[in-house]
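A short write-up of the structure that comes next.
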Amino acid sequence: MTTLQTDPGMEFLAQRVDGDPAFGCIQCGTCAASCPLGAAMEYPPRQLILQARSGNLDKILSSPSLWMCVGCHTCSSRCPRGIELADDLWPALRDRAMQEGIQPPAELQETFQNIFKYGNSLGESARKRLDWAKELDVPLRDLSKEPTAVEVLWLVCDYPSYYPRNQVVTRDFARILTALGVRWGVLGNKEKAVGDCDRLFGEEGLFEMLVENNKKLFDKHQFEKIVTLDTHSYRALEHFYPRYGAEYPVEHYTTFLADRLDLLKPLLTKPVKATVTYHDNCCIGRRAGIFDQPRMLLEAIPGVKLVEMARNRENALCCGGGGGGMWLDGHIVEHGGQRLSDQRVRQAAEVGAEVLAVSCPLELSRFEDSTKVAGLENKLLVRDIIELLAESMDLGEKEK
Amino acid sequence: MTAHEKESKIGVYICHCGTNISSVIDVHALAEFAKGLPHVVLAREYKYMCSDPGQDLIKKDIAEHELDRVVVAACSPLLHEATFRKAAEMAGLNPFLVQMANIREQVAWVTDDSSGALQKAEAHVAAAVHRVNEHKPLERRSVAITPRVMIVGGGIAGIEAALTLAEADKEVILVEREPSIGGHMSMFDKTFPTLDCAACILTPKMTAVKDEPKIKLMTYSEVESVDGAVGKYKVRVRRKARYVNEDLCVGCMQCIDACVFRKPKFPNEYDQGLALRKPIYVPFPQAVPPVPVIDPKTCLQLTKGKCKQSCVEACGDRNAIELEQEDTVEQFEVGAIIVATGFKTFDPSVMPYYGYGVLPNVYTSLEIERLVNAAGPTGGKLTLHDGSVPKRVGIVHCVGSRDKNYHAYCSKVCCMYSLKLAHLVKEKTDAEIFNFYIDMRTSGKGFEEFYNRVQNEGVHFIRGKVGEIDSAPSNNGEPSNLMTVKVDDTLLGEIRNIEVDMVILAVALEPQPDVDQVRRMFGMSCSADGFFLEKHPKLAPVNTANDGVFLAGVCQGVKDIPDTVAQASAAAAKAMALIDRGYIELEPNTAEIDEEACSGCKICNNLCPYDAIEYDEEKEVSRVIPELCKGCGTCVAACPAQAITGVHFTNAQIFAEIEGALFDAAPAGV
Ligand SMILES: Cc1cc2nc3c(=O)[nH]c(=O)nc-3n(C[C@H](O)[C@H](O)[C@H](O)COP(=O)(O)OP(=O)(O)OC[C@H]3O[C@@H](n4cnc5c(N)ncnc54)[C@H](O)[C@@H]3O)c2cc1C
Ligand code: SF4
Ligand code: SF4
């Protein structure tokens, strides 16, 4: 068989993993016009394919726009030819750029270094992994110290472990699990980043290393399923890990709890009087199709009035934190892009929400920051669904 | 062990099929192999066996070498079995003493491994030689055809087919599900590319259907079941209660005026819900038959059992209103059936980023067809929801078409109807118009010229599929109709936000929601796109796999009105060719029950998918009705007494075939 893929661009387009071959692109521009940052990109998604197949691979690799995709998956989900831009094309391009010695934006590089050195994106010490549990008032099973079979291996993940605003939610989840009688355990300071975002950034090598280490770690333990609060970790374990031969039953907390709604409902006694809107994050939403369960949880809380933003479910606007976006804000703004979280909080306020409910750990701080930018600081509260559940169960922390 | 006394003489013919077969299989070696098989007196290879000289080879050999059996190793029997049977018959041989070995589709086309291919081809040829040795001459039976055609679906396809058949003096039953015939074409104001007024060209045809004595028109009716086979289909049709007697009604419409609902209150389905109707209504003024229908879901008498019944009063002595009417079921015997059930339009609300159903001034193309129609709900006046005239209109092509998330196929007519709508909207409103397209597909007579005409009218064409449509940010709180259409202008290389106040979504044409049910009822299949599958994409585009069932119009695949009418005429001609002959020859390949061996258990009667087995109460045995039997073999396998034989699939034939495939062609050493 002869190959026509002699040009590096063509060769590149030929090696797709998910979705349909990029050769089938009809240059319709749906992707570019759907991309929340497309207008600011020198080479929006459509142009990646156009330029790659026209012999201009080097141009796209060296453009700042290579580092502007936030992995929201809007382009892929609408592409009429089923081409997987977000999960495949962008990360592969970034990987290639780095192989060719092109440096990613500094903030992102630092994050790579953190994960490489410390095993977490925040550059915190592994010894502090369990700091969140210091004030915990329910028993915690640290499987790294006392290995035992559990129903749920809870991967706490980076933000929920270290970030003060997230630690509140983390403790609430521990209380909820305990209240539901779930036998759960954590990996203590042995836990390391799962690494979805790294794959999306395009650090394929780093991602592979994380998968390998985590596989070794998980295989030492006995559990029925992994549960995580981190939507990116969920996505990585559910979708990317199996590619490397690491397959584990995994659930995001929203589906895990929604499945136990019968047990949960009687515990939801205290009304939480608020008009709430839910932000569908891209990892469990557009990517994994989990739209109903988060809403089921919210609707089960007495007092909650659920309203929808104009853009919801598969059409939701991204918070801008995915695909490395969390560490690309500076770069994106510098090159003419807008912070999507700023737009999103306004959309929430427009429909009269008092609470913006989220289910992704990156979003708490992102959106809280944006409420300040948008002047909505005291009008719109950002809360994880877990916090609202805990409050209604009268388990919530009394701080604030 | 052979079934005949005389030693048989078999001729084997290997076809090269141009190079289709010979480029993979060593045809010479295959012929040599065939010569060594039992009873084979000669084996030849030839470039095109199906050609005249190829067939002549067979005929000559039958005469000269007294061949009494023939094997042709070539393509699928679906293609040419009939050809070679006929050649043998012309040379005086019973056609059922011919057997084909499929070495093209089943061998040459599925591998490029030559040695493996030769081996497999040998197995096929050996199997065929062994089998044909067990064949017995069979006689075809002929049955009379009922000279009547049923047409299902009264769109332009069904109408055209019905009129064509009636013109040839054939009896037609036209079954339409809705209260009026006309289909989609009757909803349009003008038709591309000539901008003929749809009503002007369609209404006369609709009326002709009603007035034509040869056509029995059954509107508001649906086929319930189909039994029997080609030539004698038995079709049951349910006529839904219309509550107005079609024979007594004179079409004065006074009942509608008199209805206790002073004002129309319920959405008119025909107008895409853009206008209201009363419980008693005609879907549109030119409806055929021009007889009102009462909607049992909204009529007070029919829902609550309590109403003044002012309609009955208004009808007076004509007594056409029959509120007690019930559904009736009638059975018809027909020789052929034409399925012309058309399409439905794609519902764009599943693409939330286009705002359909949320943003008030986002419409589907079909809705706009109604709104620009002089006989439509607004009398042809095109306005936005607030009554103002649109100033900037975006037409989004390929909504639901050419999109793997919905329909991978191109709907073929949308580019053209979008041009038509651009022209009509421009004419009516002088709005600025933007067509957002991926590719302009205007191949057809006069189509490119029409495109050019619309370009010259000043309509904008932007190459890019729309990403999303949002309401435009409002100007200091002022309510506004403005929306932004976000599109990658791929020619400009720029992402643009174009402000418009009306959006028209050029929605796909898709199969009717009940295709599966209809497909099963008429014994058809669907292709990957969901439309009904024709027998052959090039050579039998109006036939289906079920003999005597033909296709016309969009139900077979997307097409415009000219193509629909052409196909409908073709379907009518095919149906006519069938019924005009007066009889059909049935394949003798049926099942036969040995009455001696039959215990009368009736297992077969219940299993036969074609209801082709009857029970003789007197003799207490089952019997196959040859006209209905398709030779599927279900009963043969099921009979506990082994009393049933497939006459062209006897045990002896099948075992011989297996023996040939397994032993004669086995590679050395096995
Ligand atoms: C918005 C729009 C604009 C168009 N404009 C043009 C144009 O300008 N020019 C042009 O050439 N083409 C145009 N077309 C294409 C045109 O509509 C079709 O080519 C044509 O209508 C096909 O006719 P049909 O009879 O096959 O199907 P239909 O018009 O769909 O008719 C099918 C009929 O069958 C009936 N039916 C369905 N199922 C059953 C059942 N089970 N039992 C009984 N009856 C049944 C239906 O009620 C209907 O009356 C347009 C299409 C669209 C969507
Ligand atoms: S949406 Fe898909 S087909 Fe269209 S330009 Fe983008 S990648 Fe190509
Ligand atoms: S994934 Fe989102 S941000 Fe990235 S290119 Fe696609 S639409 Fe744009």
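The values are calculated or read from the model by the stated rules, or taken from the named source; none is laboratory data. Keep in mind it's a predicted model, so treat the numbers as computed, not measured. As a convention, Cβ positions derive from the backbone with ideal geometry for all residues, glycine included, and neighbour counts pool all protein chains shown. Only protein heavy atoms, including side chains, enter the accessible area calculation; ligands, DNA and RNA are left aside. Shrake-Rupley method; radii C 1.70, N 1.55, O 1.52, S 1.80 Å.
Per-structure values
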quantity	calculated
Sorted largest first, extent of segment A:117-258 alpha carbons per principal axis (Å)	40, 29, 29
Fluctuation leader among A:46, A:366, A:183 - chain A, Gaussian network, Cα springs under 10 angstrom	A:183
Beta bridges per DSSP with both ends in the protein assembly as shown, % antiparallel, nearest 5	40
Under 9 Å, Cβ to Cβ, from residue B:154 - net charge with Lys/Arg +1 and Asp/Glu -1	-1
Label-to-label distance, nm, for residues given as residue A:179 and residue B:540 (7 Å Cα→Cβ offset)	6.8
Three-way shape call for segment B:344-510 based on the alpha-carbon gyration tensor, with the a/c threshold at 1.5	rounded
Point-charge dipole on Cβ atoms (K/R +1, D/E -1) for segment A:117-258, about Cα centre, debye to 20	360
Averaged over B:459-470, number of beta-carbon atoms from partner chains that fall within 10 Å	4
Shielding of A:44-53 by partner chains, average beta-carbon count, 10 Å	2
Protein accessible area in segment A:8-99, 1.4 Å probe - carbon and sulfur %	48
Dipole magnitude (debye, nearest 20) for chain B, charges at Cβ of Lys, Arg, Asp, Glu	1600
Signed unit charges on C-beta, dipole axis of segment B:322-475, positive-most listed residue B:433, B:351, B:462	B:462
Entries in B:265/B:308; B:9/B:136; B:391/B:445 that, when Cα-Cα distance is taken, lie over 21 Å	B:391/B:445
Per residue accessible area of segment B:435-568, 1.4 Å probe, in Å²	44
DSSP bridge orientation in segment A:117-258 - percent antiparallel, rounded to nearest 5	0
Nitroxide proxy distance, nm - points 7 Å out along Cα→Cβ at residue B:347 and residue B:297	1.2
Point-charge dipole on Cβ atoms (K/R +1, D/E -1) for the protein assembly as shown, about Cα centre, debye to 20	1980
Accessible area buried at the A-B interface, both sides summed, 1.4 Å probe (Å², nearest 100)	1700
Segment B:591-647 - percent relative contact order, Cα under 8 Å, separation 6 or more	46
Per-selection Rg to Rh, segment B:214-356 - Cα, Kirkwood hydrodynamic radius	1.04
Number of partner chain Cβ atoms within 10 Å, mean per residue of B:403-411	3
Accessible surface, chain A, averaged per residue in Å² (probe 1.4 Å)	38
222 nm mean residue ellipticity, helices alone, for the protein assembly as shown (DSSP H n ≥ 4; -39,500 (n - 2.57); rounded to 500)	-9000 deg cm²/dmol
Computed FRET value (nearest 0.05) for residue B:583 with residue A:219, which takes r as the C-beta separation and R₀ as 51 Å	0.10
Options B:201, B:598, B:72, ranked by Cα towards positive dipole end of chain B, top entry (Cβ charges)	B:201
Proximal charge balance of residue B:617 [Cβ under 13 Å; K/R count +1, D/E count -1]	-1
Accessible surface, segment B:46-130, averaged per residue in Å² (probe 1.4 Å)	44
DSSP beta bridges in chain B [antiparallel fraction, %, rounded to 5]	50
Whole-percent carbon and sulfur share, accessible surface of segment B:388-452, 1.4 Å	48
Hydrodynamic radius of the protein assembly as shown per Kirkwood, over alpha carbon pairs, in Å	34.8
Hits among lysines - C-alpha to C-alpha of residue A:134 under 18 Å, sequence gap 8 or more where chains match	A:145, A:190, A:398
Residue-count net charge about residue B:264 - beta-carbon cut-off 11 Å; Lys, Arg +1, Asp, Glu -1	+4
Relative packing of peptides B:555-567, B:571-583 - highest average C-beta neighbours within 10 Å first	B:555-567, B:571-583
D_trans [Stokes-Einstein, Kirkwood Rh over alpha-carbon pairs] for chain A, 25 °C, 0.890 mPa s, µm² s⁻¹	113
Residues in segment A:65-87 that, when all protein chains are in place, have 50 Å² or more less accessible area than the chain alone would give (probe 1.4 Å)	A:78, A:80
Accessible area of segment B:254-318 belonging to carbon and sulfur atoms, whole % at 1.4 Å probe	54
Quotient of C-alpha Rg and 2.2 N^0.38 Å, computed over segment B:591-647	0.95
Kirkwood Rh (inverse of mean 1/r, distinct Cα pairs), segment A:323-400, angstrom	13.5
Distance in nm between pseudo-label sites at residue A:261 and residue B:625 (7 Å out along the Cβ direction from Cα)	5.4
